[in-house]
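Everything below concerns the one structure shown next.
We did not get these values from a lab; they are worked out from the coordinates using the rules stated. All values reported here derive from a predicted model rather than from experimental measurement. Ideal geometry is used to build each Cβ from the backbone, glycine not excepted, and the neighbour counts take in all protein chains shown.
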Amino acid sequence: MKKLIKYWQIFWHMRRLHAMRMLEYRADFIFWLLISFMWTIFNFFFFAAIVNVTGVIAGWSTAEMYLLMAVFTILDSFIWSFFYNNMLQYTNDVFNGEFNKVLLKPIDSQFWLMTQNNNYANLLRFATGVGMLFWALRELELQPSILDFGLFLLLLSFSALFIYAVWFIISTLSFWVDKLDNINEIVPNVRRSFQVPHQVYTGIASTLFTVILPLGLVSSLPSEILLGRVSSWSTIFYFMTFTLITVLISRWFFNLSIKKYSGIAN
Amino acid sequence: MSNSQAVISVKNLKKYFKVYKKEPGLWGSVKSLWDRTYEEVKAVDDISFEIEQGEIVGFIGQNGAGKTTTLKTLSGLLYPTAGEISVLGFNPWDRKSKFQKQFALVMGQKNQLWWDLPAMETFLLNKAIYEIPDAQFKKTFDTLVQLLAVSDILKVQVRKLSLGQRMKCELIAALLHNPKVLFLDEPTIGLDVVMQKILRDFIKAYNQEFNATIILTSHYMGDVKELCQRAIIIDHGHKIFDGQLDDIIERYARTKKLSLVLSKKVTLKELSKYGEVKDYSFPAVTLLVPRHQATKAAGKILNELPVQDVNIEEPPIEAIIREVFETKAAK
């Protein structure tokens with residue numbers, strides 16, 4: 001419990017430090033806030049243009065698709081806030097020999113790597129996603145129970161955890177190769193796979209995106225909880241189990257890989 | 001030295017790296033796509049030593065000798081290829097929190113301070129990470145701030161500090177948890193002579209106040225001479241000397257320096273009979289004579305030459321160490 005409190009305090013301490021750092025360069029922050037907001041609006045606009053033409057996508061109505069889009073936006077803003085900057089710093093630190101300071105701290109290295117950085121520029125995007133979610137629920141005349149919301153948040157957390165674990169495994173490859181500049185672009189480039197309902201995937205694509213690497217489920221499953229139309233509880237169970245195993249693999253792979261760390265020549 | 005007293009114990013430590021060797025030119029780069037030649041570099045090769053509590057030991061060696069690699073291995077940053085290491089009774093590679101709270105590694109060329117914020121913010125973060133109680137933090141912080149005289153820069157953005165000021169703050173950040181073992185890798189690099197002296201005095205004071213065990217690497221022999229009684233010389237990954245700093249002179253110095261002041265001019269040929277004439281600018285002469293003949297030669301010179309004054313000196317330790325490395329390189 002004491003350890004948990006310590007980690008909780010460090011987590012918020014880091015957030016405060018980043019807030020302070022951000023406020024040192026407020027023009028830069030406001031600019032990024034605007035860029036992020038514009039990107040979200042453009043994304044919604046583009047999405048609306050397609051959905052309004054097709055009407056229904058893989059059995060999901062226009063309003064349901066907006067809800068899915070809202071869930072994706074919440075998740076995506078979280079990913080960009082926490083994962084992107086941290087993974088970028090992680091791989092750069094390994095390459096530049098700055099990883100020393102991570103290994104020297106009396107704190108879990110994986111925790112530190114995941115929380116040492118964050119980007120507040122996605123806050124507006126996150127708020128837009130939340131607003132959109134409640135708007136879509138009202139359009140659909142849905143009033144999910146507290147239990148539904150609890151389950152939704154749990155699944156959303158598992159989705160974030162799954163993306164984190166996959167991304168972390170990929171970034172950890174930086175210990176094994178001299179330099180991989182684009183290693184952190186892999187996950188952002190496959191984000192489209194969870195921007196659509198998992199039912200769009202059929203045949204081999206379905207096996208790939210819902211079984212082998214279930215990225216197709218990360219937005220769809222939490223959305224289905226709120227919509228009250230869970231297609232398969234066994235899929236949810238499978239996804240949660242798969243996530244936990246992936247997290248364990250990421251930890252094992254990290255502990256194996258740091259033995260390869262050579263720092264930088266002096 | 002018995003094992004029970006040793007705070008740091010290293011036995012047959014080896015750390016090898018695989019390094020890719022590229023042939024020169026574009027064709028070499030293209031060829032490297034499918035055919036690469038790797039070479040094993042023995043950064044540390046079978047090194048053993050023990051260090052007791054409170055000792056300050058200087059690691060001396062040329063660039064690439066294996067000093068930093070040894071320190072990184074002792075800190076648990078690098079996984080050793082072979083050998084046994086114990087620091088404060090821990091295997092560093094296990095990176096136990098209890099161990100990490102008892103040592104610090106300060107590298108002159110790296111920093112842990114938050115660049116965009118005042119150093120105070122890093123100190124407070126370290127307080128949380130190292131779980132330093134409020135009272136201990138205040139006491140240590142006040143002591144370190146006083147010793148290093150940095151009270152006026154604590155609220156200034158780190159990026160706006162001078163190199164010397166940053167180094168002082170780096171030391172505070174590294175020492176807030178009162179480490180029992182301190183690894184200092186070129187802590188005075190790039191600093192001016194005044195700042196070098198301040199840091200040396202501080203390291204000495206820290207060692208005395210906390211009875212801390214310190215390993216220091218530095219290219220400035222002044223650091224080693226002023227702080228360390230014991231030195232370990234590393235060359236190409238091998239330990240070639242481990243003992244008192246003064247013993248380096250006994251073991252490696254082949255000559256002694258005779259400084260003469262002449263009362264009348266003497267020819268160079270005549271002077272050469274007593275030893276190697278290193279410098280002659282009347283009335284001052286510097287002769288190098290074999291160590292075991294120094295006293296005898298001085299007596300002979302006093303009897304045979306018009307001399308006002310004779311002084312027998314040991315050659316500077318920098319010169320001896322340089323000679324050691326040059327001789328090894330020539331071999």
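Some observations on this one:
- Cβ-Cβ FRET estimate between A:Thr202 and A:Trp12, R0 fixed at 56 Å, reported to 0.05: 0.80
- Counting DSSP beta bridges with both ends in the protein assembly as shown, the antiparallel % (nearest 5): 70 percent
- Selected from A:Ser231, A:Ser36, A:Ser171 as most flexible by GNM, with chain A as the system and alpha-carbon contacts under 10 Å: A:Ser231
- Over 20 Å (Cα to Cα) - which of A:Lys6/B:Lys160; A:Lys2/B:Lys101; A:Lys259/B:Lys72; B:Lys72/B:Lys197; A:Lys101/B:Lys98; A:Lys105/B:Lys14 fall in this group: A:Lys6/B:Lys160; B:Lys72/B:Lys197; A:Lys105/B:Lys14
- Cβ neighbours within 10 Å from other chains - mean over B:86-97: 1
- Exposure proxy shown here: for A:Lys101, B:Lys239, the number of other Cβ atoms within 10 Å sets the order, fewest to most, as A:Lys101, B:Lys239.
- Mean silhouette area of the stretch B:1-85, derived from the convex hull of its C-alpha atoms and averaged over all directions, reads 7.2 nm².
- In whole angstrom, the stretch B:254-313 maps to an equivalent ellipsoid with semi-axes of 16, 12, 10, each derived as √(5λ) from the alpha carbon gyration tensor and ordered largest first.
- In the stretch B:1-48, chymotrypsin sites (Phe, Trp or Tyr not before Pro) in a DSSP loop with at most 14 other beta-carbon atoms within 10 Å: B:Trp34
- FRET E, pair B:Asp201, B:Ala128, Förster distance 25 Å, beta-carbon r, rounded to 0.05: 0.25
- Counting Cβ atoms of other protein chains within 10 Å of each residue's Cβ and taking the mean over peptide B:123-133 gives 3.
- Springs between Cα atoms under 10 Å define the GNM used for chain B, and in it the highest mean-square fluctuation of B:Glu52, B:Glu209, B:Glu186 occurs at B:Glu209.
- Inter-site label distance for A:Ser232 and A:Leu244 at 7 Å from Cα along Cβ, in nm: 2.0 nm
- Listed residues B:Arg200, B:Arg36, B:Arg291, most fluctuating in chain B (Gaussian network, C-alpha, under 10 Å): B:Arg36
- Stretch in chain A that is longest and holds no chymotrypsin sites (Phe, Trp or Tyr not before Pro) that DSSP places in a loop and that have at most 16 other beta carbons within 10 Å: A:26-175
- Filtered trypsin sites (Lys or Arg not before Pro), the stretch A:1-96: DSSP coil and at most 15 other beta carbons within 10 Å: none
- Spread over its residues, the convex hull of the C-alpha atoms of the protein assembly as shown is 220 Å³ per residue.
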